[in-house]
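The values are calculated or read from the model by the stated rules, or taken from the named source; none is laboratory data. Keep in mind that what you see is a predicted model, and the values were worked out from it rather than measured. A quick note on method: Cβ atoms are made from the backbone with ideal geometry, for glycine too, and the neighbour counts reach across all protein chains shown. Accessible surface areas use protein heavy atoms only, side chains included; no ligands, DNA or RNA. Shrake-Rupley method; radii C 1.70, N 1.55, O 1.52, S 1.80 Å.
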Amino acid sequence: MNALVATNRNFKLAARLLGLDSKLEKSLLIPFREIKVECTIPKDDGSLASFVGFRVQHDNARGPMKGGIRYHPEVDPDEVNALAQLMTWKTAVANIPYGGAKGGIGCNPGELSLSELERLTRVFTQKIHDLIGIHTDVPAPDMGTGPQTMAWILDEYSKFHGYSPAVVTGKPIDLGGSLGRDAATGRGVLFATEALLNEYGKSISGQRFVIQGFGNVGSWAAQLIHESGGKIVAVSDITGALKNSEGIDIPSLVKHVKDNRGVKGFHGGDPIEPCSILVEDCDILIPAALGGVINKENANDIKAKFIIEAANHPTDPEADEILSKKGVVILPDIYANSGGVTVSYFEWVQNIQGFLWDEEKVNNELKTYMTKGFKGVKEMCKTHDCDLRMGAFTLGVNRVARATVLRGWEA
(Lines give C-alpha, C1' and ligand atoms only; values in the text may rest on other atoms or scores of the structure.)
Protein backbone atom coordinates (compact mmCIF):
# COMPACT_ATOMS: atom_id res chain seq x y z
CA MET A 1 0.00 0.00 0.00
CA ASN A 2 1.52 3.34 -0.96
CA ALA A 3 2.28 5.98 1.65
CA LEU A 4 -0.49 8.39 0.57
CA VAL A 5 -3.23 5.73 0.71
CA ALA A 6 -2.04 4.60 4.16
CA THR A 7 -1.78 8.16 5.50
CA ASN A 8 -5.24 9.11 4.18
CA ARG A 9 -6.66 5.93 5.72
CA ASN A 10 -5.17 6.75 9.14
CA PHE A 11 -6.42 10.33 8.87
CA LYS A 12 -9.97 9.18 8.01
CA LEU A 13 -10.04 6.71 10.91
CA ALA A 14 -8.90 9.50 13.26
CA ALA A 15 -11.48 11.94 11.84
CA ARG A 16 -14.20 9.33 12.43
CA LEU A 17 -13.10 8.75 16.03
CA LEU A 18 -13.11 12.53 16.60
CA GLY A 19 -16.52 12.94 14.92
CA LEU A 20 -15.32 15.66 12.53
CA ASP A 21 -17.90 16.82 10.01
CA SER A 22 -17.27 15.79 6.40
CA LYS A 23 -16.59 19.33 5.11
CA LEU A 24 -13.91 19.97 7.72
CA GLU A 25 -12.44 16.52 7.09
CA LYS A 26 -12.19 17.24 3.36
CA SER A 27 -10.62 20.68 3.85
CA LEU A 28 -7.98 19.27 6.23
CA LEU A 29 -6.85 16.77 3.58
CA ILE A 30 -6.47 19.18 0.66
CA PRO A 31 -2.94 20.70 0.44
CA PHE A 32 -2.73 24.49 0.87
CA ARG A 33 -0.48 24.80 -2.19
CA GLU A 34 1.55 22.61 -4.55
CA ILE A 35 4.49 24.20 -6.35
CA LYS A 36 6.37 22.78 -9.35
CA VAL A 37 9.28 24.63 -10.97
CA GLU A 38 11.79 23.97 -13.72
CA CYS A 39 15.41 24.34 -12.63
CA THR A 40 17.89 24.65 -15.51
CA ILE A 41 21.60 24.86 -14.74
CA PRO A 42 24.85 24.84 -16.73
CA LYS A 43 26.78 21.65 -15.92
CA ASP A 44 30.55 21.65 -15.42
CA ASP A 45 31.07 20.55 -19.04
CA GLY A 46 29.11 23.57 -20.33
CA SER A 47 25.94 21.65 -21.34
CA LEU A 48 22.55 22.60 -19.89
CA ALA A 49 20.54 20.26 -17.68
CA SER A 50 16.93 20.66 -16.51
CA PHE A 51 15.45 19.30 -13.30
CA VAL A 52 12.00 19.53 -11.73
CA GLY A 53 11.80 21.11 -8.28
CA PHE A 54 8.65 21.02 -6.18
CA ARG A 55 7.18 21.87 -2.80
CA VAL A 56 3.91 20.63 -1.31
CA GLN A 57 2.63 22.97 1.41
CA HIS A 58 -0.05 21.02 3.20
CA ASP A 59 -1.43 23.09 6.09
CA ASN A 60 -0.63 26.29 7.99
CA ALA A 61 -3.47 26.52 10.52
CA ARG A 62 -1.09 26.18 13.49
CA GLY A 63 1.86 28.15 12.13
CA PRO A 64 4.44 28.25 9.31
CA MET A 65 4.75 25.07 7.26
CA LYS A 66 7.72 22.84 8.01
CA GLY A 67 9.32 19.93 6.21
CA GLY A 68 12.33 18.51 4.44
CA ILE A 69 13.78 19.01 0.97
CA ARG A 70 15.05 15.80 -0.65
CA TYR A 71 17.28 15.31 -3.69
CA HIS A 72 16.38 11.93 -5.15
CA PRO A 73 15.96 10.56 -8.70
CA GLU A 74 12.54 9.02 -8.03
CA VAL A 75 10.45 11.67 -6.44
CA ASP A 76 6.92 10.34 -6.32
CA PRO A 77 4.25 13.10 -6.06
CA ASP A 78 2.00 10.82 -3.96
CA GLU A 79 4.78 10.11 -1.48
CA VAL A 80 5.62 13.81 -1.17
CA ASN A 81 1.95 14.61 -0.56
CA ALA A 82 1.80 11.90 2.11
CA LEU A 83 4.98 13.14 3.81
CA ALA A 84 3.75 16.77 3.77
CA GLN A 85 0.50 15.64 5.37
CA LEU A 86 2.38 13.53 7.95
CA MET A 87 4.41 16.63 8.88
CA THR A 88 1.14 18.46 9.63
CA TRP A 89 0.10 15.78 12.12
CA LYS A 90 3.64 15.27 13.46
CA THR A 91 4.17 18.94 14.37
CA ALA A 92 0.72 18.95 16.02
CA VAL A 93 1.51 15.80 18.06
CA ALA A 94 4.81 17.40 19.16
CA ASN A 95 2.79 20.54 19.99
CA ILE A 96 5.16 22.87 18.15
CA PRO A 97 3.64 25.84 16.26
CA TYR A 98 4.05 24.57 12.69
CA GLY A 99 2.11 23.02 9.83
CA GLY A 100 3.39 20.50 7.31
CA ALA A 101 5.28 20.67 4.00
CA LYS A 102 7.69 18.57 1.93
CA GLY A 103 9.64 19.08 -1.26
CA GLY A 104 12.73 18.49 -3.28
CA ILE A 105 14.32 18.12 -6.68
CA GLY A 106 14.18 15.09 -8.94
CA CYS A 107 17.91 14.47 -9.40
CA ASN A 108 20.61 11.98 -8.49
CA PRO A 109 22.92 13.94 -6.14
CA GLY A 110 25.62 11.28 -6.52
CA GLU A 111 25.94 12.10 -10.23
CA LEU A 112 26.31 15.87 -9.72
CA SER A 113 29.48 17.69 -8.66
CA LEU A 114 29.48 19.94 -5.60
CA SER A 115 29.39 23.07 -7.78
CA GLU A 116 26.50 21.64 -9.85
CA LEU A 117 24.56 20.88 -6.65
CA GLU A 118 25.20 24.42 -5.45
CA ARG A 119 23.96 25.94 -8.74
CA LEU A 120 20.88 23.69 -8.69
CA THR A 121 20.05 24.60 -5.08
CA ARG A 122 20.43 28.31 -5.79
CA VAL A 123 18.22 28.18 -8.92
CA PHE A 124 15.57 26.25 -6.96
CA THR A 125 15.72 28.88 -4.19
CA GLN A 126 15.36 31.71 -6.73
CA LYS A 127 12.19 30.05 -8.04
CA ILE A 128 10.55 29.54 -4.62
CA HIS A 129 11.95 32.34 -2.42
CA ASP A 130 8.62 34.20 -2.47
CA LEU A 131 6.77 31.07 -1.33
CA ILE A 132 8.98 30.13 1.65
CA GLY A 133 9.93 32.33 4.61
CA ILE A 134 10.50 32.56 8.35
CA HIS A 135 6.75 32.85 9.02
CA THR A 136 5.52 31.04 5.88
CA ASP A 137 7.40 27.81 5.21
CA VAL A 138 10.70 26.71 6.78
CA PRO A 139 12.55 23.94 4.85
CA ALA A 140 15.02 21.46 6.38
CA PRO A 141 17.35 18.70 5.10
CA ASP A 142 16.04 15.29 4.01
CA MET A 143 17.38 12.43 1.85
CA GLY A 144 20.29 13.59 -0.31
CA THR A 145 20.57 17.04 1.33
CA GLY A 146 22.34 18.30 4.45
CA PRO A 147 23.66 21.35 6.31
CA GLN A 148 25.57 22.61 3.23
CA THR A 149 22.37 22.56 1.12
CA MET A 150 20.64 24.62 3.84
CA ALA A 151 23.57 27.08 3.85
CA TRP A 152 23.15 27.66 0.09
CA ILE A 153 19.37 28.15 0.45
CA LEU A 154 19.93 30.61 3.33
CA ASP A 155 22.48 32.59 1.33
CA GLU A 156 20.35 32.74 -1.84
CA TYR A 157 17.17 33.61 0.10
CA SER A 158 19.05 36.34 2.00
CA LYS A 159 19.99 38.06 -1.30
CA PHE A 160 16.28 38.80 -1.77
CA HIS A 161 15.12 39.27 1.82
CA GLY A 162 18.13 40.31 3.93
CA TYR A 163 20.02 37.97 6.26
CA SER A 164 17.42 35.44 7.46
CA PRO A 165 18.95 32.49 9.34
CA ALA A 166 15.49 31.27 10.49
CA VAL A 167 14.33 30.54 6.91
CA VAL A 168 15.79 27.00 7.07
CA THR A 169 16.77 24.63 9.87
CA GLY A 170 19.43 21.92 9.99
CA LYS A 171 22.06 24.56 9.12
CA PRO A 172 25.79 24.36 9.94
CA ILE A 173 26.44 25.59 13.52
CA ASP A 174 28.51 28.52 12.12
CA LEU A 175 25.43 29.88 10.32
CA GLY A 176 23.00 29.62 13.22
CA GLY A 177 22.43 25.87 13.39
CA SER A 178 21.50 24.41 16.77
CA LEU A 179 23.75 22.35 19.01
CA GLY A 180 22.24 18.87 19.42
CA ARG A 181 20.43 18.99 16.06
CA ASP A 182 22.54 16.23 14.50
CA ALA A 183 21.59 13.68 17.18
CA ALA A 184 18.04 15.01 17.70
CA THR A 185 15.93 12.38 15.90
CA GLY A 186 17.95 9.53 17.43
CA ARG A 187 17.80 11.13 20.88
CA GLY A 188 14.05 11.62 20.45
CA VAL A 189 13.78 7.88 19.66
CA LEU A 190 15.60 7.16 22.95
CA PHE A 191 13.24 9.43 24.97
CA ALA A 192 10.17 7.99 23.20
CA THR A 193 11.33 4.42 23.94
CA GLU A 194 11.97 5.32 27.61
CA ALA A 195 8.47 6.83 27.90
CA LEU A 196 6.85 3.71 26.39
CA LEU A 197 8.87 1.19 28.47
CA ASN A 198 8.10 3.21 31.61
CA GLU A 199 4.39 2.37 31.06
CA TYR A 200 5.31 -1.32 31.33
CA GLY A 201 7.59 -0.92 34.35
CA LYS A 202 10.68 -1.51 32.22
CA SER A 203 13.76 0.54 31.36
CA ILE A 204 16.19 0.57 28.40
CA SER A 205 18.84 -1.25 30.45
CA GLY A 206 18.93 -4.98 29.74
CA GLN A 207 16.50 -4.88 26.79
CA ARG A 208 17.62 -6.46 23.50
CA PHE A 209 17.35 -4.18 20.45
CA VAL A 210 17.48 -4.73 16.68
CA ILE A 211 18.04 -1.62 14.54
CA GLN A 212 17.35 -1.60 10.78
CA GLY A 213 19.24 1.31 9.21
CA PHE A 214 22.51 2.78 10.47
CA GLY A 215 22.38 6.27 8.96
CA ASN A 216 22.00 9.41 11.07
CA VAL A 217 18.93 8.24 13.02
CA GLY A 218 19.86 4.57 13.46
CA SER A 219 23.46 5.22 14.48
CA TRP A 220 22.58 7.93 17.02
CA ALA A 221 19.75 5.83 18.46
CA ALA A 222 22.19 2.88 18.74
CA GLN A 223 24.86 4.96 20.50
CA LEU A 224 22.41 6.50 22.97
CA ILE A 225 20.64 3.19 23.71
CA HIS A 226 24.05 1.53 24.21
CA GLU A 227 25.04 4.31 26.65
CA SER A 228 21.77 3.73 28.55
CA GLY A 229 22.56 0.03 29.04
CA GLY A 230 20.50 -1.41 26.17
CA LYS A 231 21.94 -4.42 24.33
CA ILE A 232 21.95 -4.06 20.53
CA VAL A 233 21.96 -7.60 19.10
CA ALA A 234 21.62 -6.88 15.35
CA VAL A 235 22.00 -3.94 12.94
CA SER A 236 21.80 -3.47 9.18
CA ASP A 237 22.29 -0.82 6.52
CA ILE A 238 22.43 -0.83 2.70
CA THR A 239 25.86 -2.54 2.73
CA GLY A 240 24.84 -5.54 4.87
CA ALA A 241 23.71 -6.81 8.28
CA LEU A 242 25.22 -8.46 11.32
CA LYS A 243 24.19 -9.90 14.66
CA ASN A 244 25.83 -10.70 17.98
CA SER A 245 23.57 -12.17 20.68
CA GLU A 246 26.02 -10.96 23.37
CA GLY A 247 25.51 -7.36 22.16
CA ILE A 248 27.37 -5.42 19.47
CA ASP A 249 30.17 -3.04 20.53
CA ILE A 250 28.49 0.11 19.19
CA PRO A 251 31.40 2.61 19.58
CA SER A 252 33.62 0.25 17.52
CA LEU A 253 30.86 -0.23 14.93
CA VAL A 254 30.38 3.54 14.59
CA LYS A 255 34.12 3.93 13.92
CA HIS A 256 34.02 1.05 11.40
CA VAL A 257 31.04 2.61 9.58
CA LYS A 258 32.83 5.96 9.43
CA ASP A 259 35.99 4.39 7.96
CA ASN A 260 34.28 1.90 5.62
CA ARG A 261 31.00 3.67 4.78
CA GLY A 262 28.84 0.81 6.00
CA VAL A 263 28.45 -2.00 8.54
CA LYS A 264 29.71 -4.64 6.09
CA GLY A 265 32.97 -6.27 7.16
CA PHE A 266 32.67 -5.41 10.86
CA HIS A 267 34.24 -8.23 12.87
CA GLY A 268 32.27 -7.76 16.09
CA GLY A 269 29.34 -9.88 14.88
CA ASP A 270 28.24 -12.57 12.42
CA PRO A 271 27.00 -11.46 8.98
CA ILE A 272 23.33 -12.22 8.29
CA GLU A 273 20.97 -11.63 5.35
CA PRO A 274 19.79 -7.97 5.49
CA CYS A 275 16.21 -9.08 4.71
CA SER A 276 16.13 -11.20 7.90
CA ILE A 277 17.00 -8.30 10.23
CA LEU A 278 13.34 -7.53 11.04
CA VAL A 279 12.59 -11.07 12.21
CA GLU A 280 15.67 -11.48 14.46
CA ASP A 281 14.94 -12.41 18.07
CA CYS A 282 14.77 -9.26 20.24
CA ASP A 283 12.61 -7.31 22.69
CA ILE A 284 12.49 -4.04 20.74
CA LEU A 285 12.70 -3.54 16.97
CA ILE A 286 13.63 -0.11 15.60
CA PRO A 287 13.09 0.30 11.83
CA ALA A 288 15.17 3.41 11.01
CA ALA A 289 15.51 3.09 7.23
CA LEU A 290 12.82 3.11 4.53
CA GLY A 291 9.01 3.07 4.52
CA GLY A 292 6.88 -0.05 3.99
CA VAL A 293 9.47 -2.55 5.28
CA ILE A 294 7.11 -4.28 7.73
CA ASN A 295 4.33 -5.81 5.63
CA LYS A 296 1.92 -8.73 5.56
CA GLU A 297 4.71 -11.02 4.24
CA ASN A 298 6.97 -10.67 7.30
CA ALA A 299 4.67 -9.41 10.10
CA ASN A 300 3.84 -12.93 11.36
CA ASP A 301 7.55 -13.71 11.83
CA ILE A 302 8.44 -10.63 13.88
CA LYS A 303 9.57 -11.66 17.37
CA ALA A 304 9.86 -8.21 18.98
CA LYS A 305 7.37 -7.19 21.67
CA PHE A 306 7.74 -3.47 20.88
CA ILE A 307 8.33 -1.67 17.57
CA ILE A 308 9.60 1.93 17.65
CA GLU A 309 9.05 3.58 14.24
CA ALA A 310 12.16 5.72 13.74
CA ALA A 311 11.62 5.70 9.94
CA ASN A 312 8.65 7.37 8.23
CA HIS A 313 5.80 4.93 7.55
CA PRO A 314 7.77 1.67 8.04
CA THR A 315 4.68 -0.43 8.84
CA ASP A 316 1.94 -1.19 6.30
CA PRO A 317 -1.68 -1.09 7.60
CA GLU A 318 -2.06 -4.86 6.89
CA ALA A 319 1.01 -5.53 9.06
CA ASP A 320 -0.43 -3.24 11.74
CA GLU A 321 -3.48 -5.51 12.08
CA ILE A 322 -1.42 -8.74 12.18
CA LEU A 323 0.95 -7.30 14.81
CA SER A 324 -1.79 -5.90 17.05
CA LYS A 325 -3.48 -9.34 17.08
CA LYS A 326 -0.11 -10.77 18.22
CA GLY A 327 0.00 -8.18 21.03
CA VAL A 328 2.99 -6.28 19.59
CA VAL A 329 3.01 -2.63 20.73
CA ILE A 330 3.90 -0.15 17.97
CA LEU A 331 5.05 3.38 18.80
CA PRO A 332 4.05 5.33 15.65
CA ASP A 333 6.40 7.41 13.50
CA ILE A 334 4.49 10.67 13.89
CA TYR A 335 5.44 10.61 17.57
CA ALA A 336 8.56 8.39 17.72
CA ASN A 337 10.67 10.28 15.18
CA SER A 338 9.49 13.81 16.00
CA GLY A 339 12.74 14.64 17.86
CA GLY A 340 14.27 16.05 14.67
CA VAL A 341 11.50 18.53 13.91
CA THR A 342 11.28 19.48 17.60
CA VAL A 343 14.95 20.51 17.70
CA SER A 344 14.47 22.23 14.31
CA TYR A 345 11.84 24.30 16.12
CA PHE A 346 14.39 25.09 18.86
CA GLU A 347 16.86 26.16 16.12
CA TRP A 348 14.22 28.48 14.57
CA VAL A 349 13.45 29.96 18.01
CA GLN A 350 17.17 30.57 18.68
CA ASN A 351 17.55 32.28 15.26
CA ILE A 352 14.54 34.54 15.82
CA GLN A 353 15.81 35.49 19.30
CA GLY A 354 19.40 35.77 18.10
CA PHE A 355 20.42 33.77 21.17
CA LEU A 356 22.23 30.42 21.12
CA TRP A 357 21.28 27.71 23.66
CA ASP A 358 23.87 25.32 25.04
CA GLU A 359 23.52 21.63 24.16
CA GLU A 360 22.30 20.62 27.62
CA LYS A 361 19.34 23.02 27.34
CA VAL A 362 18.48 21.66 23.87
CA ASN A 363 18.50 18.04 25.13
CA ASN A 364 16.54 18.85 28.31
CA GLU A 365 13.87 20.75 26.36
CA LEU A 366 13.65 17.85 23.88
CA LYS A 367 13.08 15.38 26.73
CA THR A 368 10.31 17.62 28.12
CA TYR A 369 8.55 17.79 24.73
CA MET A 370 8.87 14.03 24.04
CA THR A 371 7.58 13.15 27.53
CA LYS A 372 4.60 15.53 27.25
CA GLY A 373 3.92 14.21 23.74
CA PHE A 374 3.70 10.63 25.00
CA LYS A 375 1.29 11.67 27.79
CA GLY A 376 -0.91 13.41 25.19
CA VAL A 377 -0.96 10.31 22.97
CA LYS A 378 -1.83 8.04 25.94
CA GLU A 379 -4.70 10.32 26.98
CA MET A 380 -6.17 10.10 23.48
CA CYS A 381 -5.79 6.27 23.61
CA LYS A 382 -7.87 6.24 26.80
CA THR A 383 -10.47 8.70 25.47
CA HIS A 384 -11.04 6.86 22.18
CA ASP A 385 -10.12 3.33 23.32
CA CYS A 386 -7.58 2.93 20.52
CA ASP A 387 -3.97 1.89 19.87
CA LEU A 388 -0.96 4.24 20.00
CA ARG A 389 -1.07 5.00 16.24
CA MET A 390 -4.68 6.17 16.43
CA GLY A 391 -3.91 7.92 19.72
CA ALA A 392 -1.21 9.95 17.95
CA PHE A 393 -3.33 10.60 14.85
CA THR A 394 -6.37 11.72 16.85
CA LEU A 395 -4.14 14.00 18.97
CA GLY A 396 -2.56 15.61 15.88
CA VAL A 397 -5.71 15.85 13.75
CA ASN A 398 -7.71 17.24 16.68
CA ARG A 399 -5.20 20.04 17.30
CA VAL A 400 -5.14 21.02 13.61
CA ALA A 401 -8.95 20.83 13.37
CA ARG A 402 -9.36 23.05 16.45
CA ALA A 403 -6.95 25.66 15.06
CA THR A 404 -8.74 25.56 11.67
CA VAL A 405 -12.14 26.15 13.29
CA LEU A 406 -10.83 28.86 15.64
CA ARG A 407 -9.36 30.75 12.68
CA GLY A 408 -12.74 30.62 10.92
CA TRP A 409 -11.44 28.55 8.01
CA GLU A 410 -13.84 25.62 8.12
CA ALA A 411 -15.96 25.28 4.98
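Which of rounded, prolate, oblate describes the stretch 57-172, given a ≥ b ≥ c as roots of the alpha-carbon gyration tensor eigenvalues and a/c under 1.5 marking rounded, otherwise prolate only if a/b is larger than b/c? It comes out oblate by the Cα gyration axes. Here the stretch 69-94 is scanned for amide nitrogen atoms under 14 Å from the site 7 Å beyond the Cα of Lys36 along Cα-to-Cβ, giving 75-81.
Surface composition of the stretch 30-165: carbon and sulfur make up 52 percent of the accessible area, probe 1.4 Å. The value of relative contact order for the stretch 183-331, using C-alpha pairs under 8 Å at least six residues apart, is 21 percent.
Counting Lys and Arg as +1 and Asp and Glu as -1 over every other residue whose Cβ lies under 13 Å from the Cβ of Ala140, the net charge comes to +3. Surface composition of the stretch 327-411: carbon plus sulfur atoms contribute 51% of the solvent-accessible area (1.4 Å probe, protein chains only, all chains present). The GNM of the chain, with springs linking C-alpha atoms under 10 angstrom apart, assigns the highest mean-square fluctuation among Gly162, Gly186, Gly265 to Gly162. Close amide H partners of His72, meaning residues 5 or more places away or on another chain with modelled amide H under 5 Å apart, are Ile105, Cys107. Both radii are taken from the alpha-carbon atoms of the chain; with Rh as the Kirkwood radius, Rg/Rh is 0.96. log10 I(q)/I(0), Debye, Cα-only the stretch 183-331, no solvent, q = 0.10, 0.19 Å⁻¹? The Debye formula, applied to the Cα set alone, gives -0.29, -1.12.
Carbon and sulfur atoms: what percent of the 1.4 Å accessible area of the stretch 229-271 do they account for? Answer for the stretch 229-271: carbon and sulfur cover 51 percent of the accessible area. Distance between the 7 Å Cα→Cβ label points at Glu74 and Tyr200: 3.4 nm. In the chain the longest region clear of chymotrypsin sites (Phe, Trp or Tyr not before Pro) that are loop-assigned by DSSP and have at most 10 other C-beta atoms within 10 Å covers 1-199. Distance from the Cα centroid of the stretch 253-314 to that of the stretch 334-411 is 27 Å (rounded to whole angstrom). Pairs spanning more than 19 Å between alpha-carbon atoms, out of Lys296/Lys326; Lys12/Lys90; Lys326/Lys375: Lys326/Lys375. Distance from the alpha carbon centroid of the stretch 170-200 to that of the stretch 15-61 works out to 27 angstrom.
Rolling a 1.4 Å probe over the heavy atoms of the protein chains gives the stretch 183-331 an accessible area of 43 Å² per residue.
Under the rule of -39500 (n - 2.57) per DSSP H run of 4 or more residues, summed and divided by the residues of the chain, what mean residue ellipticity at 222 nm is obtained, to the nearest 500 deg cm²/dmol? My calculation for the chain gives -14500 deg cm²/dmol from helical runs alone.
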